[in-house]
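The values are calculated or read from the model by the stated rules, or taken from the named source; none is laboratory data. This is a predicted model, so every value here is computed, not measured. Using ideal geometry, Cβ is built from the backbone for each residue, glycine included, and neighbour counts are taken over all protein chains shown.
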Amino acid sequence: MISSLSDTNTSPSHHTRRATWSSTDDLPYTSTKTRHDFEAHGPTKHLEKLGKSRLTVEFGAVPTTLYIGLAAKQDERGLLEVGFASHDGTYSLDFAVHVVGGEDPNGRNRRSSKVSNGFSTGFSSNCSSWDGSRPSTPAVPLREHDRDKALADFVISKISDYQHDHLYKFAGAGITKALVDLSPQLPSRLWWELDIVPLVFEHGLENLGGAPKAAVTIDEEADSMARKSLMFFGPNSQPRVQIGFKNVVEVDCRGHALVTRLDQYPETVGQRTWEATMKYVKSIKEHNTKIAFFNSTPQGGGVALMRHALIRFFRLLGLDAKWYVPKPKPEVFRLTKTNHNILQGVASPDARLTPEKQAMLDEWVQGNAERFWIPTGGPLAPRSNGGADVIIVDDPQMPALVKISKTIDPERPVIFRSHIQVRSDLADDPSTPTAEVWNWVWNNVKQADLFISHPVKEFVPSNVDFKKVGYLPATTDWLDGLNKEMNQFVTEYYFHELSSECFKQQMNQLDFPHRDYIAQIARFDPSKGIPDVLAGYAELRRTHMKDWPKEETPQLVLAGHGAVDDPDGSMILDQTLSLLNGKYSDIRGDVVVMRLGPTDQLLNAVMSNAKVALQLSTREGFEVKVSEALHKGIPIIATKAGGIPLQVQHKKSGFLVEPGDFRAVARHLADLFNDTELYERMSKFAATHVSDEVSTVGNALSWLFMADSLAKGKELLPDSKWINDMAREEAGLPYVEGETKLPRKKELNLQG
C-alpha cells in the first residue's frame, strides 16, 4: 500500500519545513557490550508474509502495538547500564541489557566494525590476536558532553531496529527519571523520531509514593516502567485525558509525558517573536502571577488543542498557569452545542434558548464553581484566599464564570475569549434566536476587562464595548501529533491504521500512493460545508476529469475527530453518507468518509500526504486546519468565511471561493492537478509564509502580555487592535519588514 511513499525524513522540495531535531555533529565514539540481548523471535515465515502484505492494499499488515520500558544507571566506573523491556499490554515479552561507554583514546575498545546506525558490532581488546567474536566491556565512560546525545542515539537505534525486525510499533515508553537525567533529550526524541509517547517516572510500581526502594536489577526496573506506562493509556493506545483535583486538566498525563523540550520552541518562530515572549515570561515569574483558563471540554475541539499546547509550553517555562473544565453533563452539552449553532446562524429555525434552558446552564456553571473552584485555594477564590490573579473564560458555554469571578473579587482581571463566528447581524436583531442567545452571553460577560475575538469585525455584536475588543487568531502547535514531521515507518503505520479502521467500519479504502487524493479534515459539523465538498468533487470528476482514466483521478477524503461536547457529528455523518448513496452515487466509490478517534498523528499523515486540502466552511471562526495545511506545503482551496481570508493568500498559497460555489472549487482543483508549475509554486509559497501568530509561541506571547499587564493593574484598551501587535510593541520588538504576519485590514476597526 505504501511502497512508493518517499521517506518523509527528507522533505520534498515543495515542503520547506523547519527541522526541529537536526545536528551536523559527528556521532560520539560509543562502545557497548550486550549483557542480554532481545531474544523473542516471531515466526519468520509469518513476518515475511506480513512484510509483503504491507506493500499491497491489504488491510491486515498493521504492526503490532507494544509498550516499552527504559531504565539506566551509572556504575562506579561511570559506565552506563541500560535496560529495555517490551510489553504487549498483558504480558512482558522481552528484555535486553547493554553496557554503554566511550571509546578509549588510548586505543582500547576501538571499533572493529560499524553498522549503519553508527554503533559498533565488535570491539578490539588488548590482545592483538583477538578475532572480534567476543566484545569486551567498555573501558571508559562516555565523555560528559557527549553523553546526552550518544545515549539517546543508542536507545533510539536499538528500539528502531527492534521495531523493524519484529514488525512492532511502540505506542508508549515508561522511562526512569535517572535515565532522563543522563539524557535529557531522549524523551522528546522518542516522540519526534519514533512517535513514541515518553512517560517519565521517578518511581516504579514496586515503590509507589517513594517508599524505600528494594534492590532491583536494571531489567526489572525497565519492566516496571513498561507496566506503569500502561496505566496512562486508554482505547486505541492513546494517552488518557487526566482530570485532577478541582477539575484541573492534567496536561500530558499529569506532566509525565515529556513530548517536547524548551529548546525546541525557538526554532518554530522568528527570533523577535521569541525574544518578546521571553520578556513577558520574566515579568510573570518575577511577580508570581497565577493564570487560570476555563472552557467546557478537555479534548476534541480546537480550544482544547490550543490549551493543551499552551499549558505544555507554560509548564516548560515554569509558569503558574492551569486549565479547568466542568464536570461533563450530556444534557447540558446538547444545549451548549445548539447555542453554538444558533450564534453561527446554522441551527434549526425552531431552536431557541428558553428561560428554562438558561436557568439549567446557569445552575450547571454555578454548581461546578461552588464545588470545584470557589473554595479556598480554588482558582475563583478571592486572590487573598489563594485564587488566580487572572481569569480567562473561553467561549459561550460557561459565560456565567465571568460574572461569578467579578462578584467574588471585583478588581481581579477577567478576559472573555470568543472563538466562534458570532453572526453579529443576527445578534443585533432582537427578533432572532441569535439575539436571545447572545443577550444571555453578553449579560454574563459584559464585566470582563477584555473581549478577545477572532480578527473579523462581523464577529463582534454592536452592544460590546469596542474599546475592550482585541483581535487574536486561533493557533496550532508545530510540535504536536497533528503537525510534527513523521518518518516513513510511522507514516506507513498510520495509513495502515486508517485502512484497518475503514475495514472495520465498512468504508471505502484509500488507494494512496497509487492515486492522489484531496482532503478536508474537519469535524462533521453543520458549518463545515461538507455538502459543498461533495458537490465540488463531483463537478471535478464529471466535468473536468470525465475523460481521465479512473486510476489517474484523485480520491476524496473527509475525516475528522469528534468532540466531547459535540452531539451533531452522527447526524452530519448520516447526511453525508445519504448524499453519496443518492445524488453522488457515481463517485461514492472514490470517497473515503471517516469519523476517527482522537489520534492526531493519523490526521497528520492524511493531511501531510494530500495533494490538495479543502476547507469549505459556510461559517467559520479562524480555522487552524488551514494553517496546518499551509505549513505542510499543501495548497488549499477555502471559502471566504470568517477568518479564513486572513490565512490564505489568494492565488499564492491557495484559492478563495465564495461559500457554496462548488463550480469554482472544481475549476481550481483542475488547475492544480493539471498545472505542475502552478502547484509547485503555491506549495513552496504556502510552506514559507505562515505567520508566527498562529503558533503556540505566538499564542503564548499574546496571553502573557495581557496577563502581565492586567495583573500589574494596567488598563488595557485594545480598541480593535491585534493583541500580538500590542505585545510586540510593548516589548520594544515591533514587526519589521520581511516578517510574515496575517493581514492587518483597516476594515477591522470597529469604530469605522
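Assorted remarks:
- Residues that are free of Cβ contacts under 8 Å to residues at least 60 places away in the same chain and touching a Phe, Trp or Tyr at 6+ places or on another chain (Cβ under 9 Å), drawn from the range 235-265: 240, 242, 245, 253, 254, 256, 262
- Of everything listed in (1) assigned to a loop (DSSP other than H, G, I, E, B); (2) in contact with a helix residue (DSSP H, G or I) (Cβ under 8 Å, 6 or more places away or on another chain), the single unmet condition for residue 506 is (2).
- Only residues that are free of Cβ contacts under 8 Å to residues at least 40 places away in the same chain and outside any strand (DSSP E or B) were counted across the range 390-417, and they come to 8.
- In the condition set (1) touching a Phe, Trp or Tyr at 6+ places or on another chain (Cβ under 6 Å); (2) closer than 16 Å to residue 434 by Cβ, residue 323 is compliant with all but (2).
- The criterion of being touching a residue at least 24 places away in the same chain (Cβ under 8 Å), among the acidic types (Asp, Glu), assigned by TED's automatic domain parsing to the domain that holds residue 632 and not in a loop (DSSP other than H, G, I, E, B) does not hold for residue 511.
- Residue 420 among the β-branched types (Val, Ile, Thr), within 28 Å of residue 374 (Cβ to Cβ), modelled with pLDDT of 95 or more and not in a helix (DSSP H, G or I): no
- Failed item in (1) closer than 30 Å to residue 326 by Cα; (2) out of contact with any Asp or Glu (no Cβ under 9 Å at 6 or more places or on another chain); (3) of a type in the set (Phe, Trp, Tyr), with residue 524 passing the rest: (2)
- Conditions (1) under 20 Å from residue 705 (Cβ atoms); (2) crowded, with 24+ Cβ neighbours inside 10 Å; number of the one not met by residue 451: (2)
- Scanning the range 496-508 finds no residues that are closer than 29 Å to residue 694 by Cα and at pLDDT 95 or above.
- Per the conditions (1) loosely packed, with under 15 Cβ neighbours inside 10 Å; (2) touching a strand residue (DSSP E or B) at 6+ places or on another chain (Cβ under 9 Å); (3) among the charged types (D, E, K, R), the sole criterion not satisfied by residue 252 is (1).
- Qualifying residue in the range 238-254 (condition: within 23 Å of residue 80 (Cα to Cα) and touching a Cys at 6+ places or on another chain (Cβ under 9 Å)): no
- Tabulated pairs, the range 457-481, first free of Cβ contacts under 8 Å to residues at least 60 places away in the same chain, second in a loop (DSSP other than H, G, I, E, B), C-beta under 7 angstrom, 6+ apart or interchain: 461/422; 461/428; 462/428
- Listing of helices (runs of 4 or more DSSP H) fully contained in the range 639-752 that carry 2 or more residues being touching a residue at least 60 places away in the same chain (Cβ under 8 Å), surrounded by 15 or more Cβ atoms within 10 Å (Cβ to Cβ) and of a type in the set (A, V, I, L, M): 662-674, 696-711, 723-730
Rundown of residues vs (1) hydrophobic (A, V, I, L, M, F, W, C); (2) at pLDDT 95 or above; (3) out of contact with any helix residue (DSSP H, G or I) (no Cβ under 7 Å at 6 or more places or on another chain), yes/no style:
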{"position": "576", "(1), (2), (3)": "no, no, no"}
{"position": "591", "(1), (2), (3)": "yes, yes, no"}
{"position": "598", "(1), (2), (3)": "no, no, yes"}
{"position": "607", "(1), (2), (3)": "yes, yes, no"}
{"position": "610", "(1), (2), (3)": "yes, yes, yes"}
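- Given (1) on the phi < 0 side of the Ramachandran plot; (2) surrounded by fewer than 22 Cβ atoms within 10 Å (Cβ to Cβ), index of the condition residue 309 fails: (2)
- Looking only at residues of the range 234-253 that are farther than 17 Å from residue 303 by Cβ and in a loop (DSSP other than H, G, I, E, B), we find that the one that is farthest from the chain's Cα centre (by Cα) is 244.
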